[in-house]
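Peer 1: For reference, the structure I am asking about is given below.
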Amino acid sequence: MARPTRLAWWHLLITLVALLAVTVGAVLLGAIDLGWQRVLAEVWAQLTGGVSPLSEQESAILWQLRMPRVVLAGLVGAALACSGATFQGVFRNPLADPYLLGAAAGAGMVVTIVVVLAPGAGVAFLPAAAFVGALGGVALTWGLGRSTGAGTATLLLAGVAVASFLTAVQTFVQQLNTLTLQQVYGWILGGLSTGGWSQVLSALPYLAVALTVLCTCSGLLDVLTLGDEEAASLGVRPGVVRLVVLGAASLATAAAVSVSGLIGFVGIVVPHVIRLLFGASYRVVVPLSLAGGAIFLILADIVARTALAPAELPIGVVTAFTGAPFFVLILRRRQS
Amino acid sequence: MSALVVVAALALTGCATHSEPPASTNTPGAGFPVTVTPTGGKAVTIATRPTHIVSLSPASTEDLFAIGAGPQVTAVDKLSDYPSSAPRGDLDAYKPNVEAIAAKKPDLVIVYSDTNNLVAGLEQLKVPVLLLKAATSLDDAYGQLALLGKATGHTADADKVVGDMKSQIADVVAKTAKKPLSYFHELSADGYTVTSKTFVGQVYGLFGLRNVADAAGGAGDYPQLSAEQVVAADPNLIFLADTTCCQQSAATVAARPGWSTLKAVRNGNVVTLDDSVASRWGPRVVDLVKAVAAAVQKAS
């Protein structure tokens with residue numbers, strides 16, 4: 001297979017068709033079987049102003065519970081995969097993921113503190129707390145990395161230090177307040193079960209801005225892979241590019257974390273699968289990770305919603321359990 | 001709102017009936033040593049009338065104070081918050097520390113769960129331990145009261161408390177018309193609930209209510225139901241046992257996506273329970289029965 005360095009029309013076609021297919025599948029499947037003919041008839045009725053075949057409760061299940069959840073899964077998956085691809089490009093490290101610079105640890109610490117200080121009333125503020133914590137963690141890493149030296153290696157190490165420190169604080173606060181364990185643990189495992197349209201709307205503006213920036217700047221990541229000096233000779237300022245794309249990737253990650261908690265594996269596995277299937281250029285990987293991440297997380301959420309129905313599996317378990325073997329399969333096929 | 005007021009009123013009257021320990025009719029020290037055997041456990045011998053009891057079980061703490069053994073209680077765990085005359089505790093039943101418990105110099109320890117091999121640890125220190133697991137039925141709860149009565153030298157008091165509970169519950173149930181209403185008992189906002197087989201499920205069973213989790217086919221007696229499942233079941237009554245822990249209320253339930261279409265929400269039959277009353281198998285079960293009765297009366 002040729003390894004194109006540009007985004008080809010058939011790339012977009014394949015991923016968009018796949019995205020459409022899983023979206024339709026996700027809307028049809030759930031803990032309650034509404035019947036695919038009736039769902040299609042309901043959608044048709046809403047579009048044409050006809051008579052709904054569903055009861056009021058079934059209609060609420062479809063439009064207020066299932067639809068926003070599918071959209072939210074798509075948005076969160078797109079954000080995490082796109083950010084992961086960007087992090088891998090900036091740090092030139094295949095293991096880089098969106099949580100590398102302290103976003104997860106920062107969000108986890110602030111969420112824990114809010115839950116402990118206001119166990120009940122704090123629930124409403126958890127998305128905002130996670131958002132602020134994620135951005136705060138990254139800002140701390142950035143400040144620390146800048147003050148101790150330039151270069152991405154320093155930033156990476158600063159990220160490790162900040163993440164360890166914030167996680168230690170979180171664990172300490174948690175140990176002093178074991179009663180809130182379940183609530184914090186539930187949040188850390190990640191999930192989309194409480195997602196409604198309000199959460200979609202709250203995350204959408206940040207994601208729209210951040211993901212637009214990431215896709216627009218994806219070509220610059222290819223330039224960065226040549227090394228800073230080479231990049232500078234081509235008229236690119238590596239420091240500025242890194243600041244902009246890491247800022248945008250962190251904004252997308254923070255928005256995703258705020259509505260879904262911590263969902264692992266998406267940010268690492270999706271960009272690699274895209275790379276193996278469609279080519280290594282970031283002009284290809286970043287935009288296609290957007291669609292690929294959405295597809296992967298929508299699929300994972302179908303499993304989360306239906307595997308243990310009526311109960312729900314934490315989606316982080318699904319992403320790791322299904323993502324890891326799939327990833328190994330792709331790697332092996334690529335090598336043979 | 002009116003349901004809340006009713007529950008609050010019931011809780012208050014409940015306090016009045018239970019917080020006054022019955023006058024002791026027993027001679028202190030007589031009748032010991034005694035041997036008691038908790039359900040599913042092994043026999044425990046208590047040599048003398050205990051005067052330094054440590055309770056790491058909120059339900060047992062309520063039992064002890066109800067049967068007049070309160071003055072013999074030295075320390076409790078930090079979740080034992082009732083009655084108000086109980087000592088305030090700093091012991092953690094989730095992460096029990098044998099040394100911290102031993103420092104209270106107990107002559108009887110009561111736990112509901114053998115976390116971290118606590119029972120073996122205390123037995124090495126020659127402290128008698130009663131492992132009284134969460135009651136699985138009303139009879140089990142009455143049995144624990146009787147057992148604690150025997151273990152603390154308050155046999156007659158315990159029998160009286162059990163008798164009062166039985167007659168009060170029978171009275172409330174008899175006065176409430178049985179309606180084939182369905183209900184959802186919420187333990188947490190992420191949909192954990194109970195089936196009719198659980199202790200609290202049996203309380204609802206007294207009124208002939210139908211549990212929506214039974215038909216859903218979840219795992220175990222404390223299954224999780226997805227929001228889709230609850231909305232599809234459309235229960236007549238929703239009981240919230242996550243009002244203190246998680247600040248849930250009729251308003252927060254109505255604000256959840258899709259829940260505003262439910263009968264229980266539309267007809268004002270989302271009932272807030274006291275988390276503790278709804279989760280402990282102590283004497284305040286009577287309050288729970290009264291709260292359910294009031295809700296059934298209103299909904300029918």
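Peer 1: Out of residues 5 or more away from B:Leu108 or on other chains, whose amide H comes under 5 Å of its own, with H placed 1.01 Å from N in the peptide plane?
Peer 2: When sequence neighbours closer than 5 places are left aside, the close amide H contacts are B:His52, B:Val54.
Peer 1: Using amide H atoms built in the peptide plane, which far-off residues or other-chain residues are under 5 Å from B:Leu262 H to H?
Peer 2: For B:Leu262, whose amide H was placed from the backbone, there are no distant partners under 5 Å.
Peer 1: What Kirkwood hydrodynamic radius do you get for chain A when you take the inverse of the mean 1/r over all pairs of distinct Cα atoms, in Å?
Peer 2: Answer for chain A: a Kirkwood hydrodynamic radius of 20.7 Å.
Peer 1: Determine ³J(HN,Hα), in whole Hz, for all residues of region B:82-87 in sequence, where each value follows from phi through the Karplus function 6.51 cos²θ - 1.76 cosθ + 1.60 and θ = phi - 60°; x replaces Gly and Pro.
Peer 2: Running phi through 6.51 cos²θ - 1.76 cosθ + 1.60 with θ = phi - 60° gives 8, x, 5, 7, 5, x Hz.
Peer 1: Sort A:Phe327, B:Phe184, B:Phe239, B:Phe32 so the one with the fewest other Cβ atoms within 10 Å of its own Cβ comes first.
Peer 2: Final ranking by Cβ density, sparse to dense: B:Phe32, A:Phe327, B:Phe184, B:Phe239.
Peer 1: Take the residue pairs B:Lys160/B:Lys197; B:Lys104/B:Lys126; B:Lys95/B:Lys197; B:Lys175/B:Lys263; B:Lys263/B:Lys298; B:Lys78/B:Lys126 and return only those whose Cα atoms are more than 18 Å apart.
Peer 2: Pairs exceeding 18 Å: B:Lys160/B:Lys197; B:Lys95/B:Lys197; B:Lys175/B:Lys263; B:Lys78/B:Lys126.
Peer 1: Going by how many other Cβ atoms sit within 10 Å of their own, how do A:Trp10, A:Trp63, B:Trp281, A:Trp142 line up, fewest first?
Peer 2: Starting with the residue having the fewest Cβ neighbours, the order is A:Trp10, A:Trp63, A:Trp142, B:Trp281.
Peer 1: Relative contact order for chain A using alpha-carbon pairs under 8 Å, separation at least 6, rounded to a whole percent?
Peer 2: 30 percent
Peer 1: Another one. For region B:27-153, compute Rh as the Kirkwood radius over C-alpha pairs and then the Stokes-Einstein diffusion coefficient at 37 °C and 0.692 mPa s; write the answer in µm²/s, rounded to an integer.
Peer 2: 229 µm²/s
Peer 1: Suppose only helical runs count, i.e. DSSP H with n ≥ 4. What mean residue ellipticity at 222 nm does that imply for chain A under -39500 (n - 2.57) per run, divided by all residues and rounded to the nearest 500 deg cm²/dmol?
Peer 2: Helix contribution divided over all residues of chain A: -25000 deg cm²/dmol.
Peer 1: Once amide H atoms are placed 1.01 Å from N in the peptide plane, what residues at a sequence separation of 5 or more from B:Leu237, or on another chain, have their amide H within under 5 Å of its amide H?
Peer 2: B:Ser182, B:Tyr183, B:Phe184
Peer 1: Which value in Å does the Kirkwood hydrodynamic radius of the protein assembly as shown take, with 1/r averaged over all unlike C-alpha pairs and then inverted?
Peer 2: The answer is 27.5 Å.
Peer 1: Here's something else I'd like to know. Could you calculate, for region A:50-162, the ratio of the Cα radius of gyration to the Kirkwood radius, expressed as Rg to Rh?
Peer 2: 1.17
Peer 1: Quick check for me: using +1 on Lys/Arg Cβ and -1 on Asp/Glu Cβ, what's the dipole size of the protein assembly as shown about its Cα centre, in debye to the nearest 20?
Peer 2: Once rounded to the nearest 20, the dipole reads 1040 debye.
Peer 1: OK, next. Do me a favour and compute the ellipsoid semi-axes for region B:139-198 from its Cα gyration tensor, root of five times each eigenvalue, largest one first, whole Å.
Peer 2: Listed largest to smallest, the semi-axes of region B:139-198 are 30, 19, 8 Å.
Peer 1: Could you work out the percent of alpha carbon pairs in region A:215-336 separated by over 22 Å, rounded to a whole number?
Peer 2: In whole percent, the share of Cα-Cα pairs in region A:215-336 beyond 22 Å is 46.
Peer 1: Could you give the dipole magnitude of region A:174-289 about its Cα centre, charging the beta-carbon of Lys and Arg +1 and that of Asp and Glu -1, in debye to the nearest 20?
Peer 2: 200 debye
Peer 1: In whole Hz and in residue order, list the ³J(HN,Hα) couplings for region A:272-287 that follow from phi through the Karplus curve 6.51 cos²θ - 1.76 cosθ + 1.60, θ = phi - 60°; x for Gly and Pro.
Peer 2: 5, 4, 4, 4, 5, 7, 10, x, 8, 5, 5, 5, 8, 5, 5, x
Peer 1: For n ≥ 4 DSSP H runs only, could you compute -39500 (n - 2.57) per run for chain B, divide by its residues and tell me the 222 nm figure to the nearest 500?
Peer 2: Helix-only estimate at 222 nm: -12000 deg cm²/dmol.
Peer 1: Using the C-alpha gyration tensor of region A:1-51, what are the square roots of 5 times its eigenvalues, in whole angstrom, with the largest one first?
Peer 2: After scaling each eigenvalue by five and taking roots: 34, 14, 6 Å.
Peer 1: Spelling out what I want: for every residue of region B:57-69, take phi, set θ = phi - 60°, compute 6.51 cos²θ - 1.76 cosθ + 1.60 (Karplus), and round to whole Hz; glycine and proline get x.
Peer 2: Per-residue couplings from phi come out as 10, x, 5, 5, 4, 5, 4, 4, 6, 5, 8, x, 8 Hz.
Peer 1: While we're looking at this one, here's another question. Taking the Cα centre of region B:27-153 as origin, work out the dipole magnitude from +1 charges on Lys and Arg Cβ and -1 charges on Asp and Glu Cβ, in debye rounded to 20.
Peer 2: The dipole of region B:27-153 has a size of about 300 debye.
Peer 1: Let me ask another. Could you let me know the centre-to-centre spacing of region A:78-134 and region A:275-336, using Cα atoms, in angstrom?
Peer 2: For region A:78-134 versus region A:275-336, the Cα centre distance is 20 Å.
Peer 1: Once you order the gyration tensor axes a ≥ b ≥ c over the Cα atoms, which shape class does region A:127-275 get: rounded for a/c under 1.5, otherwise prolate or oblate by comparing a/b with b/c?
Peer 2: oblate
Peer 1: Right, another one. Send over the semi-axes of chain B's equivalent ellipsoid, whole angstrom and largest first, taken as the square roots of 5 times the C-alpha gyration tensor eigenvalues.
Peer 2: For chain B, the ellipsoid semi-axes come out as 36, 21, 16 Å.
Peer 1: Something else now. List A:Met67, A:Met109, B:Met165 from most exposed to least, where exposure is judged by having the fewest other Cβ atoms within 10 Å.
Peer 2: Fewest-to-most Cβ neighbours within 10 Å comes out as A:Met67, B:Met165, A:Met109.
No lab work stands behind these numbers, since they all come straight from the coordinates. Predicted model only: the values in this text are computed from it and were never measured. Neighbour counts are summed over all protein chains in view; Cβ atoms, including those assigned to glycine, are modelled from backbone coordinates with ideal geometry.
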